[in-house]
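Just so it is clear, none of the values below were taken in a lab; they were calculated from the coordinates. Source: prediction; values computed, not measured. Positions of Cβ are backbone-derived with ideal geometry, glycine not excepted, and every protein chain shown enters the neighbour counts.
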Amino acid sequence: MIQKLLLLSCCVLFIACSSNAPVEQVTPAADSTELVIMPELPASVVLKNWEAGDPQLAGTIANLYQAWDSDIPTDMASYLADSTVFDWPNGVRVSTNKETVEAELRKWRNAYSSTTNTPFSLISLHNKDRNQDWVIAWVWNKWETKDGKKDSMLVCDNWLLKNGKVVYLNSSENRTSKSLSGLLNTALPAQEQK
């Protein structure tokens, strides 16, 4: 009888181990009282394991937007690492280092007589796969150029920070409908344009 049970157990174990069914990853939930089953994701999804990040990093990004609007390059540069890469919505990539960053910021900011960046969502995330800290920012951006033209854009900025400093920015711009622009202009707290 014991031999039959042992043989049956071995067969079950063999069948279970040779199964080609996808394995679901089990991740503890935020409150650790229940488990969340991570679905099988395509191989192209390389950043899968996220958790809430350091809220102070969201504050860092809020301060950086404030520094941009106040038009003080030294304040802006204080939030950036010794080298930073910027991927802009127009497809241009710019790299700065501690020697070039203030001049580059001044050049970019000098295109505008005033700007108002109103972040309405700042999400601090930590990626466990790569041990990276990100802040995802949704920002209502309004500006006036030196020649008096005014415009606005909905911006999604993805900031990568290392040791509390920005090392990378990927920025996307979204043209909004008149309805959404009106909603953003009235629903968000008014900020004084500098």
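Which peptide among 124-132, 36-44, 87-95 comes first, and what is the full order, when sorted by highest mean count of other Cβ atoms within 10 Å? Numbers along the way, then the final one.
Working: 124-132: 14.6, 36-44: 8.7, 87-95: 11.0.
The packing order, highest mean first, is 124-132, 87-95, 36-44.
Residues whose amide H lies under 5 Å from that of residue 53, counting only those 5 or more places away or on a different chain, are 124, 125, 126; hydrogens are built 1.01 Å from N in the peptide plane.
Each of the peptides 57-70, 136-149, 172-185 was scored by the mean count of other Cβ atoms within 10 Å over its residues; in descending order, highest first, they stand as 57-70, 136-149, 172-185. Remark: the range 43-51, residue by residue, has Karplus-estimated 3J(HN,Hα) of 4, 5, 7, 8, 10, 10, 9, 10, 9 Hz, where x stands for each Gly or Pro and the curve is 6.51 cos²θ - 1.76 cosθ + 1.60 at θ = phi - 60°. Coupling constants for the range 72-77 follow from the phi torsions by the Karplus curve (6.51 cos²θ - 1.76 cosθ + 1.60, θ = phi - 60°), and in residue order they are 10, x, 5, 5, 4, 4 Hz; glycine and proline get x. Modelled spin-label separation between residue 56 and residue 94, with each label point placed 7 Å from Cα along the Cα-to-Cβ direction: 2.9 nm. Here the Karplus curve 6.51 cos²θ - 1.76 cosθ + 1.60, taken at θ = phi - 60°, turns the phi angles of the range 91-101 into couplings of x, 8, 10, 10, 10, 10, 10, 5, 7, 9, 5 Hz, with x standing for Gly and Pro.
Taking N as the number of residues in the range 61-194, what value does Rg over Cα atoms divided by 2.2 N^0.38 Å take? Walk me through the numbers on the way to the answer.
Details: Rg = 14.9 Å, N = 134, 2.2 N^0.38 = 14.1 Å.
The range 61-194 yields a ratio of 1.06.
How many lysine pairs in the range 53-187, separated by 8 or more positions in sequence or lying on different chains, have Cα atoms less than 18 Å apart? Close lysine pairs under the 18 Å cut-off: 9.
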